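The values are calculated or read from the model by the stated rules, or taken from the named source; none is laboratory data. Small disclaimer: the values here were computed from a predicted structure and weren't measured. Note that each Cβ is placed from the backbone with ideal geometry, even for glycine, and that neighbours are counted across all protein chains shown.
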Amino acid sequence: MIKKLLPFFFLAASTLMAQHTIKGIMSPKLKSDWIIIYKLEGTKKQFVDNTTIKSDSIFIGGNKEKIGAFELQLPSDAKPGAYRVTYRLKEEGFVDFYYNNEDVAFVFNPSYPQKSIAFSESSENMLYRNYLEAISIAQQKLDSIQVVVLKEPKLDLAETYKKAYQELNYVQNSYEQKSKGKYVASVIKATLRVNSPVILNSVNAYLQQIKNSFFDRLDFEDPRLINSSFLTNRILDYIFYINYSKDLKKQQSLYKLSITNVLSKIENIPYKKEIITFLIAQFETTKNIEIIDFLFEEHYNKLPIDIQNKKFKEDKQQLFAAEIGRIAPNFSWEEEGKHMEISSLNDAPNYILVFWSTSCSHCLREIPELYSYSKTKSNLKVVAFALENDAFIWESYSKANLKGWHNVLGLNKWENKIARTYQINATPSYFILDKNKKIIAKPDTIDEVKTFVEKL
(Lines give C-alpha, C1' and ligand atoms only; values in the text may rest on other atoms or scores of the structure.)
Protein backbone atom coordinates (compact mmCIF):
# COMPACT_ATOMS: atom_id res chain seq x y z
CA MET A 1 0.00 0.00 0.00
CA ILE A 2 2.85 2.36 0.91
CA LYS A 3 4.60 1.65 -2.40
CA LYS A 4 1.44 2.60 -4.31
CA LEU A 5 1.08 5.87 -2.41
CA LEU A 6 4.69 7.04 -2.74
CA PRO A 7 4.60 7.88 -6.48
CA PHE A 8 1.37 9.86 -5.93
CA PHE A 9 2.92 11.74 -3.00
CA PHE A 10 6.00 12.77 -4.98
CA LEU A 11 3.85 13.76 -7.98
CA ALA A 12 1.65 15.96 -5.79
CA ALA A 13 4.66 17.53 -4.08
CA SER A 14 6.35 18.32 -7.39
CA THR A 15 3.12 19.85 -8.69
CA LEU A 16 2.77 22.09 -5.64
CA MET A 17 6.36 23.31 -5.99
CA ALA A 18 6.28 23.68 -9.80
CA GLN A 19 7.74 26.85 -11.27
CA HIS A 20 5.54 28.86 -13.59
CA THR A 21 6.57 31.00 -16.52
CA ILE A 22 5.77 34.65 -17.21
CA LYS A 23 6.02 35.53 -20.90
CA GLY A 24 5.46 38.93 -22.45
CA ILE A 25 5.59 40.53 -25.87
CA MET A 26 5.98 44.29 -26.15
CA SER A 27 4.67 45.60 -29.46
CA PRO A 28 6.23 47.85 -30.61
CA LYS A 29 9.46 47.54 -28.64
CA LEU A 30 10.76 50.54 -26.73
CA LYS A 31 14.45 51.35 -26.31
CA SER A 32 14.41 49.68 -22.91
CA ASP A 33 16.22 46.32 -22.86
CA TRP A 34 15.09 45.00 -19.51
CA ILE A 35 12.07 44.32 -17.34
CA ILE A 36 11.68 43.97 -13.58
CA ILE A 37 8.90 41.95 -11.99
CA TYR A 38 7.48 42.83 -8.59
CA LYS A 39 4.85 41.41 -6.29
CA LEU A 40 2.47 44.10 -5.05
CA GLU A 41 2.10 44.24 -1.28
CA GLY A 42 -0.26 47.01 -0.22
CA THR A 43 1.22 50.28 -1.51
CA LYS A 44 4.68 48.70 -1.80
CA LYS A 45 6.44 46.57 -4.41
CA GLN A 46 8.56 43.54 -3.54
CA PHE A 47 11.29 42.67 -6.04
CA VAL A 48 10.90 39.20 -7.55
CA ASP A 49 13.19 38.97 -10.58
CA ASN A 50 14.43 40.75 -13.69
CA THR A 51 15.42 39.76 -17.20
CA THR A 52 16.37 41.24 -20.56
CA ILE A 53 14.03 42.00 -23.46
CA LYS A 54 15.03 40.28 -26.69
CA SER A 55 14.37 42.09 -29.95
CA ASP A 56 12.57 40.52 -32.90
CA SER A 57 10.65 41.65 -35.95
CA ILE A 58 7.26 40.69 -37.35
CA PHE A 59 5.19 41.80 -40.31
CA ILE A 60 1.91 43.54 -39.49
CA GLY A 61 -0.23 44.62 -42.44
CA GLY A 62 2.76 44.38 -44.74
CA ASN A 63 4.92 46.55 -42.48
CA LYS A 64 7.87 45.30 -40.49
CA GLU A 65 7.54 46.08 -36.79
CA LYS A 66 10.13 45.63 -34.08
CA ILE A 67 8.84 43.81 -31.00
CA GLY A 68 10.38 42.85 -27.68
CA ALA A 69 9.94 39.50 -25.95
CA PHE A 70 10.82 38.42 -22.45
CA GLU A 71 10.40 35.29 -20.38
CA LEU A 72 11.23 34.35 -16.81
CA GLN A 73 10.30 31.72 -14.28
CA LEU A 74 8.78 32.70 -10.98
CA PRO A 75 10.42 31.15 -7.92
CA SER A 76 8.90 27.83 -6.89
CA ASP A 77 7.64 29.43 -3.69
CA ALA A 78 5.98 32.39 -5.46
CA LYS A 79 2.67 33.19 -3.80
CA PRO A 80 -0.59 33.96 -5.60
CA GLY A 81 -1.31 37.66 -5.86
CA ALA A 82 -1.01 40.79 -7.94
CA TYR A 83 2.26 41.24 -9.83
CA ARG A 84 3.73 44.09 -11.85
CA VAL A 85 6.11 44.06 -14.80
CA THR A 86 7.98 47.38 -15.06
CA TYR A 87 9.84 48.23 -18.25
CA ARG A 88 11.10 51.78 -17.66
CA LEU A 89 11.80 54.01 -14.67
CA LYS A 90 11.38 57.50 -16.13
CA GLU A 91 7.66 58.06 -16.78
CA GLU A 92 7.25 54.63 -15.24
CA GLY A 93 5.67 52.08 -17.55
CA PHE A 94 4.19 48.86 -16.24
CA VAL A 95 1.59 46.15 -16.70
CA ASP A 96 -0.21 44.42 -13.85
CA PHE A 97 -1.50 40.87 -13.77
CA TYR A 98 -2.68 38.25 -11.29
CA TYR A 99 -0.77 35.06 -10.61
CA ASN A 100 -2.40 31.94 -9.16
CA ASN A 101 -0.18 28.91 -9.80
CA GLU A 102 -0.39 28.94 -13.59
CA ASP A 103 1.68 30.19 -16.51
CA VAL A 104 0.96 33.73 -17.67
CA ALA A 105 1.51 35.06 -21.20
CA PHE A 106 0.44 38.39 -22.65
CA VAL A 107 0.98 40.99 -25.38
CA PHE A 108 0.80 44.74 -24.80
CA ASN A 109 1.53 48.12 -26.34
CA PRO A 110 3.97 49.95 -24.02
CA SER A 111 2.42 53.35 -24.83
CA TYR A 112 -0.93 52.40 -23.26
CA PRO A 113 -0.24 49.10 -21.46
CA GLN A 114 -3.30 48.66 -19.24
CA LYS A 115 -5.78 49.22 -22.07
CA SER A 116 -3.93 47.14 -24.66
CA ILE A 117 -2.88 44.08 -22.66
CA ALA A 118 -4.24 40.79 -24.00
CA PHE A 119 -3.59 37.42 -22.34
CA SER A 120 -2.98 34.18 -24.25
CA GLU A 121 -2.27 32.08 -21.14
CA SER A 122 -3.76 32.29 -17.61
CA SER A 123 -7.40 31.50 -17.01
CA GLU A 124 -7.47 34.01 -14.13
CA ASN A 125 -6.34 36.96 -16.23
CA MET A 126 -8.36 36.05 -19.31
CA LEU A 127 -11.50 35.83 -17.19
CA TYR A 128 -10.77 39.16 -15.54
CA ARG A 129 -10.07 40.95 -18.85
CA ASN A 130 -13.25 39.51 -20.36
CA TYR A 131 -15.15 40.73 -17.32
CA LEU A 132 -13.70 44.24 -17.58
CA GLU A 133 -14.72 44.47 -21.23
CA ALA A 134 -18.24 43.14 -20.62
CA ILE A 135 -18.94 45.24 -17.53
CA SER A 136 -17.54 48.35 -19.21
CA ILE A 137 -19.96 47.98 -22.13
CA ALA A 138 -22.91 47.43 -19.79
CA GLN A 139 -21.91 50.37 -17.55
CA GLN A 140 -21.47 52.70 -20.52
CA LYS A 141 -24.93 51.79 -21.77
CA LEU A 142 -26.47 52.60 -18.39
CA ASP A 143 -24.48 55.84 -18.08
CA SER A 144 -25.47 57.02 -21.55
CA ILE A 145 -29.17 56.74 -20.64
CA GLN A 146 -28.57 58.57 -17.36
CA VAL A 147 -26.65 61.38 -19.12
CA VAL A 148 -29.45 61.91 -21.64
CA VAL A 149 -31.94 62.44 -18.82
CA LEU A 150 -29.58 64.78 -16.96
CA LYS A 151 -29.47 66.91 -20.11
CA GLU A 152 -33.21 66.59 -20.80
CA PRO A 153 -34.97 65.91 -17.45
CA LYS A 154 -38.39 65.84 -19.09
CA LEU A 155 -37.58 62.69 -21.05
CA ASP A 156 -39.18 59.51 -19.71
CA LEU A 157 -36.50 56.82 -19.94
CA ALA A 158 -37.25 55.09 -16.65
CA GLU A 159 -38.06 51.71 -18.22
CA THR A 160 -35.10 51.88 -20.60
CA TYR A 161 -32.83 52.64 -17.66
CA LYS A 162 -34.38 49.83 -15.59
CA LYS A 163 -33.72 47.31 -18.37
CA ALA A 164 -30.08 48.46 -18.75
CA TYR A 165 -29.67 48.29 -14.96
CA GLN A 166 -30.91 44.69 -14.94
CA GLU A 167 -28.58 43.77 -17.84
CA LEU A 168 -25.63 45.29 -15.97
CA ASN A 169 -26.39 43.28 -12.85
CA TYR A 170 -26.85 40.15 -14.94
CA VAL A 171 -23.34 40.58 -16.37
CA GLN A 172 -21.94 41.18 -12.88
CA ASN A 173 -23.69 38.19 -11.35
CA SER A 174 -22.66 35.87 -14.18
CA TYR A 175 -18.98 36.76 -13.78
CA GLU A 176 -19.16 36.48 -10.01
CA GLN A 177 -20.41 32.92 -10.56
CA LYS A 178 -17.69 32.17 -13.13
CA SER A 179 -14.96 33.47 -10.79
CA LYS A 180 -15.90 31.42 -7.75
CA GLY A 181 -12.81 29.73 -6.38
CA LYS A 182 -10.47 31.94 -8.41
CA TYR A 183 -8.08 34.56 -7.08
CA VAL A 184 -9.78 37.37 -9.02
CA ALA A 185 -13.20 36.65 -7.48
CA SER A 186 -12.95 39.38 -4.85
CA VAL A 187 -11.61 41.86 -7.40
CA ILE A 188 -14.52 41.19 -9.74
CA LYS A 189 -16.98 41.55 -6.89
CA ALA A 190 -15.45 44.89 -5.85
CA THR A 191 -15.12 46.37 -9.33
CA LEU A 192 -18.78 47.12 -10.07
CA ARG A 193 -19.84 50.67 -9.34
CA VAL A 194 -22.93 50.93 -7.15
CA ASN A 195 -25.56 52.39 -9.47
CA SER A 196 -28.90 53.88 -8.57
CA PRO A 197 -31.70 51.36 -9.25
CA VAL A 198 -33.82 54.23 -10.62
CA ILE A 199 -32.86 56.99 -13.02
CA LEU A 200 -31.92 60.31 -11.42
CA ASN A 201 -33.12 63.71 -12.67
CA SER A 202 -30.45 66.08 -11.33
CA VAL A 203 -26.69 66.29 -11.61
CA ASN A 204 -26.36 66.90 -7.85
CA ALA A 205 -28.36 63.76 -7.03
CA TYR A 206 -26.28 61.76 -9.50
CA LEU A 207 -22.93 62.97 -8.10
CA GLN A 208 -24.08 62.53 -4.51
CA GLN A 209 -25.16 58.98 -5.23
CA ILE A 210 -21.68 58.18 -6.60
CA LYS A 211 -19.97 59.73 -3.56
CA ASN A 212 -22.22 58.11 -0.98
CA SER A 213 -21.93 54.60 -2.45
CA PHE A 214 -18.31 54.74 -3.64
CA PHE A 215 -16.97 52.27 -1.06
CA ASP A 216 -20.07 50.10 -0.62
CA ARG A 217 -18.62 47.11 -2.51
CA LEU A 218 -15.08 47.44 -1.16
CA ASP A 219 -13.81 45.22 1.64
CA PHE A 220 -10.87 46.99 3.29
CA GLU A 221 -10.02 43.81 5.19
CA ASP A 222 -9.66 41.62 2.09
CA PRO A 223 -5.91 40.85 1.66
CA ARG A 224 -6.42 40.26 -2.07
CA LEU A 225 -7.69 43.81 -2.52
CA ILE A 226 -5.12 45.25 -0.14
CA ASN A 227 -2.20 43.51 -1.87
CA SER A 228 -2.94 44.84 -5.33
CA SER A 229 -3.22 48.24 -6.96
CA PHE A 230 -7.02 47.95 -6.82
CA LEU A 231 -7.76 49.54 -3.43
CA THR A 232 -4.97 52.09 -3.81
CA ASN A 233 -6.38 53.26 -7.14
CA ARG A 234 -9.89 53.46 -5.70
CA ILE A 235 -8.63 55.59 -2.81
CA LEU A 236 -6.80 57.93 -5.20
CA ASP A 237 -9.90 58.25 -7.39
CA TYR A 238 -12.05 59.15 -4.39
CA ILE A 239 -9.66 61.75 -2.97
CA PHE A 240 -8.42 63.39 -6.17
CA TYR A 241 -11.29 62.99 -8.68
CA ILE A 242 -14.59 62.27 -6.97
CA ASN A 243 -14.01 65.06 -4.42
CA TYR A 244 -12.83 67.84 -6.71
CA SER A 245 -13.34 71.59 -6.76
CA LYS A 246 -11.82 74.38 -8.86
CA ASP A 247 -11.90 76.59 -5.77
CA LEU A 248 -8.52 76.02 -4.05
CA LYS A 249 -9.78 76.73 -0.53
CA LYS A 250 -12.74 74.40 -0.97
CA GLN A 251 -10.45 71.77 -2.48
CA GLN A 252 -8.32 71.74 0.66
CA SER A 253 -11.45 71.12 2.75
CA LEU A 254 -12.54 68.35 0.37
CA TYR A 255 -9.12 66.70 0.65
CA LYS A 256 -9.41 66.64 4.44
CA LEU A 257 -12.98 65.31 4.43
CA SER A 258 -12.26 62.61 1.83
CA ILE A 259 -9.05 61.51 3.56
CA THR A 260 -10.84 61.22 6.90
CA ASN A 261 -13.68 59.28 5.29
CA VAL A 262 -11.30 56.81 3.61
CA LEU A 263 -9.22 56.22 6.74
CA SER A 264 -12.31 55.73 8.89
CA LYS A 265 -13.10 52.63 6.81
CA ILE A 266 -9.71 51.00 7.43
CA GLU A 267 -9.51 49.03 10.68
CA ASN A 268 -6.31 47.19 9.75
CA ILE A 269 -3.80 49.45 11.55
CA PRO A 270 -0.64 48.48 9.59
CA TYR A 271 -2.54 48.99 6.33
CA LYS A 272 -3.91 52.32 7.57
CA LYS A 273 -0.33 53.42 8.28
CA GLU A 274 0.66 52.39 4.75
CA ILE A 275 -2.14 54.44 3.21
CA ILE A 276 -1.34 57.50 5.32
CA THR A 277 2.33 57.25 4.34
CA PHE A 278 1.36 56.76 0.71
CA LEU A 279 -0.91 59.84 0.76
CA ILE A 280 1.84 61.93 2.34
CA ALA A 281 4.02 60.98 -0.64
CA GLN A 282 1.23 61.95 -3.07
CA PHE A 283 0.82 65.41 -1.56
CA GLU A 284 4.59 65.74 -1.33
CA THR A 285 4.77 65.90 -5.15
CA THR A 286 2.70 69.11 -5.12
CA LYS A 287 4.22 70.37 -1.82
CA ASN A 288 0.76 70.70 -0.30
CA ILE A 289 2.05 71.42 3.19
CA GLU A 290 -1.38 72.06 4.68
CA ILE A 291 -2.60 68.56 3.79
CA ILE A 292 0.69 66.92 4.77
CA ASP A 293 0.43 68.60 8.19
CA PHE A 294 -3.18 67.43 8.41
CA LEU A 295 -2.19 63.84 7.62
CA PHE A 296 0.45 63.89 10.34
CA GLU A 297 -1.50 65.76 13.02
CA GLU A 298 -4.91 64.15 12.55
CA HIS A 299 -3.97 60.65 11.41
CA TYR A 300 -0.33 59.52 11.53
CA ASN A 301 0.31 60.89 15.04
CA LYS A 302 -2.83 59.13 16.29
CA LEU A 303 -1.58 55.70 15.25
CA PRO A 304 -0.26 53.46 18.04
CA ILE A 305 3.15 54.78 19.10
CA ASP A 306 4.85 51.43 18.53
CA ILE A 307 4.13 51.45 14.78
CA GLN A 308 4.99 55.10 14.15
CA ASN A 309 8.33 55.70 12.47
CA LYS A 310 10.15 58.49 14.32
CA LYS A 311 12.81 58.90 11.62
CA PHE A 312 10.14 59.11 8.89
CA LYS A 313 8.44 61.97 10.77
CA GLU A 314 11.72 63.79 11.39
CA ASP A 315 12.82 63.43 7.76
CA LYS A 316 9.52 64.84 6.49
CA GLN A 317 9.59 67.71 8.97
CA GLN A 318 13.09 68.59 7.82
CA LEU A 319 12.19 68.21 4.14
CA PHE A 320 9.30 70.66 4.41
CA ALA A 321 10.80 72.99 7.01
CA ALA A 322 11.36 75.78 4.49
CA GLU A 323 8.35 75.42 2.20
CA ILE A 324 5.73 78.06 1.51
CA GLY A 325 3.35 78.32 4.45
CA ARG A 326 5.98 77.37 7.03
CA ILE A 327 7.51 79.75 9.56
CA ALA A 328 11.09 80.27 8.40
CA PRO A 329 13.44 78.06 10.46
CA ASN A 330 15.15 80.23 13.02
CA PHE A 331 18.85 81.09 13.04
CA SER A 332 20.98 83.69 14.81
CA TRP A 333 23.99 85.89 14.09
CA GLU A 334 25.99 88.74 15.55
CA GLU A 335 25.39 92.20 14.10
CA GLU A 336 27.32 95.25 15.39
CA GLY A 337 27.84 93.53 18.71
CA LYS A 338 24.20 92.51 19.08
CA HIS A 339 22.73 89.01 19.12
CA MET A 340 20.15 88.78 16.32
CA GLU A 341 17.60 86.10 15.39
CA ILE A 342 15.44 86.03 12.31
CA SER A 343 12.42 85.07 14.41
CA SER A 344 12.65 88.27 16.47
CA LEU A 345 13.21 90.80 13.67
CA ASN A 346 10.59 93.55 13.74
CA ASP A 347 11.98 96.30 11.52
CA ALA A 348 9.77 95.68 8.46
CA PRO A 349 6.39 94.20 7.46
CA ASN A 350 8.10 91.95 4.91
CA TYR A 351 11.52 90.40 4.44
CA ILE A 352 13.59 88.92 1.65
CA LEU A 353 15.88 86.18 2.86
CA VAL A 354 18.48 85.47 0.20
CA PHE A 355 21.17 82.78 0.30
CA TRP A 356 24.12 83.89 -1.82
CA SER A 357 27.91 83.64 -2.10
CA THR A 358 30.78 85.87 -3.16
CA SER A 359 32.04 82.97 -5.31
CA CYS A 360 28.77 82.82 -7.28
CA SER A 361 28.78 84.78 -10.55
CA HIS A 362 24.98 84.92 -10.70
CA CYS A 363 24.94 86.35 -7.18
CA LEU A 364 27.45 89.05 -8.04
CA ARG A 365 25.08 90.16 -10.82
CA GLU A 366 21.79 89.86 -8.89
CA ILE A 367 22.76 90.97 -5.37
CA PRO A 368 23.66 94.56 -6.45
CA GLU A 369 20.38 94.68 -8.41
CA LEU A 370 18.44 93.48 -5.36
CA TYR A 371 20.27 96.03 -3.21
CA SER A 372 19.28 98.92 -5.47
CA TYR A 373 15.70 97.67 -5.69
CA SER A 374 15.33 97.18 -1.92
CA LYS A 375 16.38 100.80 -1.34
CA THR A 376 13.13 101.88 -3.06
CA LYS A 377 10.94 99.74 -0.76
CA SER A 378 10.37 101.05 2.74
CA ASN A 379 8.19 98.04 3.58
CA LEU A 380 11.02 95.61 2.92
CA LYS A 381 14.15 94.46 4.71
CA VAL A 382 16.73 92.03 3.33
CA VAL A 383 18.50 89.28 5.27
CA ALA A 384 21.50 88.23 3.17
CA PHE A 385 22.89 84.85 4.23
CA ALA A 386 26.31 84.36 2.61
CA LEU A 387 27.53 80.79 2.15
CA GLU A 388 31.33 81.01 2.28
CA ASN A 389 34.38 78.89 2.96
CA ASP A 390 36.02 81.81 4.78
CA ALA A 391 35.07 85.30 5.92
CA PHE A 392 37.73 87.44 4.22
CA ILE A 393 36.08 88.44 0.91
CA TRP A 394 32.56 88.51 2.38
CA GLU A 395 33.51 90.96 5.13
CA SER A 396 34.96 93.53 2.76
CA TYR A 397 32.21 93.08 0.14
CA SER A 398 29.25 93.34 2.54
CA LYS A 399 30.69 96.32 4.41
CA ALA A 400 31.33 98.21 1.19
CA ASN A 401 28.26 97.27 -0.83
CA LEU A 402 25.44 95.99 1.41
CA LYS A 403 25.02 98.62 4.12
CA GLY A 404 21.60 98.61 5.77
CA TRP A 405 21.00 94.90 5.18
CA HIS A 406 21.11 92.19 7.81
CA ASN A 407 24.28 90.43 6.67
CA VAL A 408 24.85 86.89 7.94
CA LEU A 409 27.93 84.72 7.40
CA GLY A 410 27.44 80.98 6.96
CA LEU A 411 30.70 79.06 6.90
CA ASN A 412 31.23 75.57 5.41
CA LYS A 413 29.23 76.69 2.40
CA TRP A 414 26.98 73.84 1.16
CA GLU A 415 27.52 71.89 4.37
CA ASN A 416 26.34 74.80 6.47
CA LYS A 417 23.66 73.59 8.89
CA ILE A 418 21.23 76.45 8.15
CA ALA A 419 21.67 76.03 4.40
CA ARG A 420 20.88 72.34 4.72
CA THR A 421 17.79 73.14 6.81
CA TYR A 422 16.59 75.44 4.05
CA GLN A 423 17.42 72.78 1.42
CA ILE A 424 19.74 75.17 -0.44
CA ASN A 425 21.39 73.58 -3.47
CA ALA A 426 21.95 76.69 -5.62
CA THR A 427 22.66 80.38 -5.14
CA PRO A 428 21.08 82.84 -5.13
CA SER A 429 18.00 81.32 -3.47
CA TYR A 430 15.19 83.66 -2.43
CA PHE A 431 12.53 83.44 0.29
CA ILE A 432 9.93 86.16 0.89
CA LEU A 433 8.62 86.35 4.45
CA ASP A 434 5.75 88.23 6.07
CA LYS A 435 6.03 90.10 9.37
CA ASN A 436 5.55 86.81 11.28
CA LYS A 437 8.41 85.27 9.27
CA LYS A 438 6.08 82.92 7.46
CA ILE A 439 7.39 81.97 4.03
CA ILE A 440 4.94 83.41 1.50
CA ALA A 441 6.94 82.91 -1.71
CA LYS A 442 10.07 81.26 -3.08
CA PRO A 443 10.89 83.13 -6.31
CA ASP A 444 13.46 81.60 -8.63
CA THR A 445 14.85 84.82 -10.11
CA ILE A 446 15.35 88.48 -9.22
CA ASP A 447 12.59 89.40 -11.70
CA GLU A 448 10.17 87.06 -9.92
CA VAL A 449 11.19 88.65 -6.61
CA LYS A 450 10.30 92.11 -7.92
CA THR A 451 7.01 90.90 -9.40
CA PHE A 452 5.92 89.36 -6.11
CA VAL A 453 7.07 92.31 -3.97
CA GLU A 454 5.08 94.73 -6.14
CA LYS A 455 1.91 92.87 -5.13
CA LEU A 456 2.58 93.17 -1.39
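Output the number of residues of region 259-282 satisfying the condition of being without any contact (Cβ under 8 Å) to a residue 24 or more places away in the chain and under 16 Å from the mean Cα position of the chain (by Cα).
1
One line per residue, one yes/no per condition, for (1) part of a strand (DSSP E or B); (2) assigned by TED's automatic domain parsing to the domain that holds GLU369; (3) surrounded by fewer than 14 Cβ atoms within 10 Å (Cβ to Cβ):
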{"site": "SER258", "(1), (2), (3)": "no, no, no"}
{"site": "LEU279", "(1), (2), (3)": "no, no, no"}
{"site": "ILE292", "(1), (2), (3)": "no, no, no"}
{"site": "LEU295", "(1), (2), (3)": "no, no, no"}
{"site": "ASN301", "(1), (2), (3)": "no, no, yes"}
{"site": "GLU314", "(1), (2), (3)": "no, no, yes"}
{"site": "ILE352", "(1), (2), (3)": "yes, yes, no"}
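Looking only at region 362-415, which residues are outside any helix (DSSP H, G or I), among the basic types (Lys, Arg) and either loosely packed, with under 14 Cβ neighbours inside 10 Å or free of Cβ contacts under 8 Å to residues at least 40 places away in the same chain (or both)?
Result: LYS375, LYS381, LYS403.
Wholly within region 83-131, which strands (runs of 3 or more DSSP E) include no fewer than the required count, namely at least 1 residues that are free of Cβ contacts under 8 Å to residues at least 24 places away in the same chain?
Fully inside region 83-131 and qualifying: 93-99, 118-121.
Among residues belonging to region 186-228 that are surrounded by fewer than 16 Cβ atoms within 10 Å (Cβ to Cβ) and among the small types (Gly, Ala, Ser), point out the one that is nearest to the chain's Cα centre (by Cα).
In this case the residue turns out to be SER213.
Do we have any residue at all in region 65-80 that's without any contact (Cβ under 8 Å) to a residue 24 or more places away in the chain and surrounded by 13 or more Cβ atoms within 10 Å (Cβ to Cβ)?
No, region 65-80 contains no residue that is without any contact (Cβ under 8 Å) to a residue 24 or more places away in the chain and surrounded by 13 or more Cβ atoms within 10 Å (Cβ to Cβ).
Is it the case that some residue within region 290-303 is out of contact with any Gly (no Cβ under 7 Å at 6 or more places or on another chain) and farther than 30 Å from ALA441 by Cα?
yes
Given the conditions (1) at pLDDT 95 or above; (2) aromatic (Phe, Trp, Tyr); (3) more than 19 Å from PHE331 (Cβ to Cβ), and given that PHE392 satisfies all but one, which numbered condition is not satisfied?
The single condition PHE392 does not satisfy is (1).
Taking the options GLU159, GLU167, name whichever one is acidic (Asp, Glu) and either surrounded by 12 or more Cβ atoms within 10 Å (Cβ to Cβ) or outside any helix (DSSP H, G or I) (or both).
None of the other options fit; the residue is GLU167.
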